[in-house]
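Here the structure is laid out as structure tokens; the discussion comes afterwards.
What follows is calculated from the coordinates using simple rules that are stated; it is not laboratory data. All of these numbers come straight from a predicted model, not from anything done at the bench. A quick note on method: Cβ atoms are made from the backbone with ideal geometry, for glycine too, and the neighbour counts reach across all protein chains shown.
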Amino acid sequence: MQAHITSVGLVIKPDPADTFAYPHHIDRASLDALPSKPGIYIFRDEQDRPLYVGKSVNIRSRVLSHLRTPEEARMLRASRYVEFRRTAGDIGALLLESRLIKELQPLHNKKLRRTREMCTLHLGQDMKSAPDIVYARDHDFAKTADLYGLFATRKAALEKLREIVDVEMLCPAMTGLETATHGRACFARQISRCLGACVGAESIDAHYLRLRTALEEMRIVIWPYDGPMGIVEECDGWKQTHVIDHWFYVGSIDQAKGAQKISRAAQRTFDVDTYKILVKPMLRGELRIEPVTLARRDKCGKRGKLDKRPTEGPKA
């Protein structure tokens, strides 16, 4: 359809939807069923294997945009139908997308496909101590204080520390990036890139304070509650509560289904993707957060009575 000019001189551009042709090899019924609501979608092949998991506040619009993208031709050629799962909002869609990508390992999702062994910088309270690199396997990031930054590799953590040291004119020797020799200037001091903590020109206390201040914007926020809390979203009268425990997405409670379903969760450990999804909106006060009631399990894994004790609020 070509653009045309009306009798009053208005230019009418064609609507892409009017000329859109659905791929004949993708089940049309699965496409017609897509809602214009929040949630996730899964492209699957003829063996039902997941090819791609995505999320959107408008599932239908997002999936149709995939069908119009030439760069995704390889994935589309292998697709045979599209599955979807509704959520009550964008946060729920983000959390579910992250979980399903890890569980299903879809071929065309690369960014979140692997559960990463993260590391971080730890700066102790001793002003003479240098930052250490610590790993999630050894420390619970949701409970440990004085952690800064999330890195996929030790190399990435060291590169970030070097960048901070260079920009802030900190001492490489005092921060563990260079072997320290008592009373001898570090290399950066020799080229006027260090304020001289290594030779006493700057006090150790002042250097430590500058280092901690430079790291502060990367501080990992400790989980601010004593236990799991619910993030509530509502859409068209449908209420979902997304249960989060120490930056781990446990699952979502539908208002009509009750809390018992959540108690099947796996071991709850700090999850970097859940943390990144939630930490900023939580700190800005943008989330509706409520205590949750979960089913207890006995030592044999059997479901017990509901624990009626509310989860306490944020720690002081």
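Coordinate range of the alpha-carbon atoms in the range 119-218 per principal axis, descending: 38, 24, 23 Å.
Taking other C-beta atoms within 10 angstrom as a stand-in for reagent exposure, Val53, Val134 fall in the order Val134, Val53, fewest first. Note on Met174, Met218: ascending count of other Cβ atoms within 10 Å places them as Met218, Met174, the fewest first.
If neighbour count is taken as other Cβ atoms inside 10 Å, put Val167, Val57 in order from fewest to most. Could you put the intermediate results ahead of the total?
Numbers: Val167 9, Val57 15.
Going from sparsest to densest Cβ surroundings: Val167, Val57.
Within the same chain, aspartates and glutamates fewer than 8 places from Lys160 are excluded, and of the rest, those with a Cα less than 17 Å from its Cα are Asp132, Asp146, Glu168, Glu178, Glu216, Glu217. Available extension along the chain between Asp132 and Glu163 is 9.6 nm, counting 0.36 nm per residue and deducting the alpha carbon span.
Counting Cα-Cα pairs of the range 21-143 in 5 Å increments starting at 0 gives whole-percent bin shares of 2, 10, 17, 18, 16, 9, 6, 6, 6, 4, 3, 2, 1, 0. Equivalent ellipsoid of the range 171-229: semi-axes from √(5λ) of the C-alpha gyration tensor, largest first, are 33, 11, 10 Å.
With a simple spin-label model that places each label point 7 Å from the Cα along the Cα-to-Cβ direction, the separation between Arg49 and Glu234 comes to 4.4 nm.
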